[in-house]
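A short worksheet on the structure shown next.
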Amino acid sequence: MKTLKSALIAGLALAFSLSARAEISAQAWLESYYLNPQPAELGRAVQRLSHDGYFDQSGHVAISIGFLATVFAQNPQRVDGWLMEFNGLPLKHQKIIASALWQAGQPLGAEMLKNLGEFAANRDAVLRLANTPPVAIDDTPVLSTSSMNLHWGAFLATGDQRHILAVLDAIGTNRPGLDTAARVALAQEAAEHPRVMEICRAQLDRQPRDVQQILRAAVNEASAAHPRT
């Protein structure tokens, strides 16, 4: 009997371990969201992203705002419930949530920004943002790596090619470093997302010549990094 009990405990432990390993990371969940949208999992995913330090990594703030704002806009009826699930997040991560709500056009976002801004070192900048009407991400031009990452986040929420085209529109604008940043981002995303590669290939002959050169370089880099049959 003791041997059987030990075997059962060991079996349960193994099953739990395999289940834990089979669960994808929160970052992988976010980056594949558009392939299988699961808004019901957002609250738990945000808690995991916060715990794992995703929001603290370079470039991830704008991506997170773009992603969350898009999901919030798609599911306004869920926002109140999500906010309850976000309780306990660190203050700096609550600011990301508030910024995403503001970006999504949710009045509560501006209110949260004003409240959180009272404790911020950049209080005046936060309050100015809260009092400024947001521009929809679809209508936001890519003028910097930050606005580019905003579109990447929205793409991860939707898979909509408009966000990739917004990055292409930014190429050739002669903004310092933007061409290079866009090429690197396109190459990386095309290597990881067949959907991005598909959009880039379809645009090769549709873009102006100077954009074609950068786009072709990105596609070639992506193909070399992740060859597909």
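Throughout, read-outs are computed from the coordinates displayed, never taken from laboratory work. Because the structure is predicted, anything quoted here is derived from the model rather than measured. FYI the Cβ positions are ideal-geometry reconstructions off the backbone, even for glycines, and counts take in every protein chain you see.
Quick rundown of the values:
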{"quantity": "Full-stretch length increase - GLN74, ASN87 - with 0.36 nm per residue and alpha-carbon distance subtracted", "calculated": "2.5 nm"}
{"quantity": "With 10 Å bins from 0: P(r) over the range 161-229, alpha-carbon pairs, percent", "calculated": "23, 60, 16, 1"}
{"quantity": "Rg(Cα)/(2.2 N^0.38 Å) for the chain, N = residue count", "calculated": "1.19"}
{"quantity": "Pair ALA28, ALA136: separation of 7 Å Cα→Cβ label points (nm)", "calculated": "3.5 nm"}
{"quantity": "Helix-derived mean residue ellipticity, 222 nm - over the chain, DSSP H n ≥ 4, -39500 (n - 2.57), to 500", "calculated": "-21500 deg cm²/dmol"}
{"quantity": "Loop-located GluC sites (Glu not before Pro) in the range 48-119 whose Cβ has at most 13 other Cβ within 10 Å (DSSP)", "calculated": "GLU118"}
{"quantity": "Kyte-Doolittle at least -0.5, axis length at least 27 Å by Cα - qualifying DSSP helices, the chain", "calculated": "2-22"}
{"quantity": "Pairwise FRET efficiency - LEU143 versus ALA225, Cβ, R0 = 35 Å, nearest 0.05", "calculated": "0.80"}
{"quantity": "Positive minus negative residues near ALA217 (Lys, Arg vs Asp, Glu; Cβ under 11 Å)", "calculated": "0"}
